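A quick write-up on the structure given underneath.
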Protein chains: 2
Amino acid sequence: MNEQIQALCNDHNIKFTTARSLILEVLKAASHPLSYEQIKEKMHASMDKATFYRNIALFEEAGIVHKFESDDRKWYFELTGTTHAHFICEQCRQITCMEVDLGKIEGEVKSIVLKGLCKECHK
Amino acid sequence: MNEQIQALCNDHNIKFTTARSLILEVLKAASHPLSYEQIKEKMHASMDKATFYRNIALFEEAGIVHKFESDDRKWYFELTGTTHAHFICEQCRQITCMEVDLGKIEGEVKSIVLKGLCKECHK
DNA sequence: AAAATTTATGCAACTTAGTCGCAAAGGATC
DNA sequence: GATCCTTTGCGACTAAGTTGCATAAATTTT
């Protein structure tokens, strides 16, 4: 587990530190994008937010992590991987990942965010 | 022009005031979503931001206006109308509207935001 | 392996889009 | 024209995220 994360850092010329390992571990285990608060909760170790955000910025530059804003003025982070869409429910705030076929679009699409009411809340 | 806006307010049980008219005029003339700053610039009349945001909240509740966050920690507003997607270029920050066919999705989709590099910046 | 240099972390102060409380202004109603 | 209700503007506030700076941890040099 840790080896994979260490390898991820090495591959991108990023030094492997405790803080970075903690962040990446949480993101790796997550099934959907998480905010700073959520990541912090899952970390079982304290970390200054400055450290967090600086490392996230580093990951982003390296292309390891992708971030986007939901509709709550917070950033949500996830490991980059398959390009998939996110559905954000305006009512329960749950973020779910989904595959979407867009057909052809000019330019390069890096992320897709759908908003509305999820299956549950729509009833 | 003004009559249409007035009618829009009447139809939704919203009193027609100067401030509201100013906001809606700008939104009506816009071809893509605008932020508070952008709307303010186009208004040719001063308005307190509290007034602006309170009226926007009112429009939202009434279903006249739709808002979403881009990736710059700002809200972008537009009149609701045909459900269409927005493409936000991460480089030039331009927001363009586009039609997208998603196929079938469970729940109710209210907005779609794509991010990436636009046709121009992708070159 | 101690000193020097570089890099990462934590703290505290700061930034800024958006929000809230409150008083004054503007209309409507009697 | 006095009373009531709504809207507006001002200023203080909020909170996610950022930045400067000092300390701590690595890494390199001698």
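Hey, among the residues in the stretch A:33-54 that are more than 14 Å from chain B (Cβ to nearest Cβ) and open to solvent by less than 10 Å² (accessible area, probe 1.4 Å), which one's nearest to the chain's Cα centre (by Cα)?
Start the filter on the stretch A:33-54 by keeping residues that are more than 14 Å from chain B (Cβ to nearest Cβ), which leaves A:34, A:37-52, A:54.
Among the residues that remain, those that are also open to solvent by less than 10 Å² (accessible area, probe 1.4 Å) are: A:34, A:39, A:52.
Details: A:34: 6, A:39: 10, A:52: 13 Å.
For the stretch A:33-54, the residue satisfying everything is A:34.
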If I filter the stretch A:96-118 for residues that are within 16 Å of DNA strand C (Cβ to nearest atom) and buried (at least 16 other Cβ atoms within 10 Å of the Cβ), do I get at least one hit? yes
Does residue B:112 count as in contact (Cβ under 8 Å) with a residue 60 or more places away in the chain and of a type in the set (A, V, I, L, M, F, W, C)? no
Here the residues within the stretch B:39-54 that are under 11 Å from residue B:19 (Cβ atoms) and more than 10 Å from DNA strand C (Cβ to nearest atom) are B:43, B:45, B:46, B:47
If you check every pair at least six apart or on different chains, which have Cβ atoms under 7 Å apart with a residue in the stretch B:44-66 that is closer than 14 Å to residue B:15 by Cβ first and a residue that is away from DNA strand D (no atom under 12 Å from the Cβ) second? B:59/B:65; B:64/B:8; B:64/B:79; B:64/B:80
For residue B:78, indicate whether it is at the interface with another protein chain (Cβ under 7 Å from one of its Cβ atoms), farther than 15 Å from residue A:111 by Cα and in contact with a strand residue (DSSP E or B) (Cβ under 9 Å, 6 or more places away or on another chain). no
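The values are calculated or read from the model by the stated rules, or taken from the named source; none is laboratory data. Just so you know, these numbers come straight off a predicted model, no measurement behind them. Glycine also receives a Cβ, built like all others from the backbone with ideal geometry; neighbour counts cover every protein chain displayed. Protein only, heavy atoms only, side chains kept; ligands, DNA and RNA dropped before computing areas. Shrake-Rupley method; radii C 1.70, N 1.55, O 1.52, S 1.80 Å.
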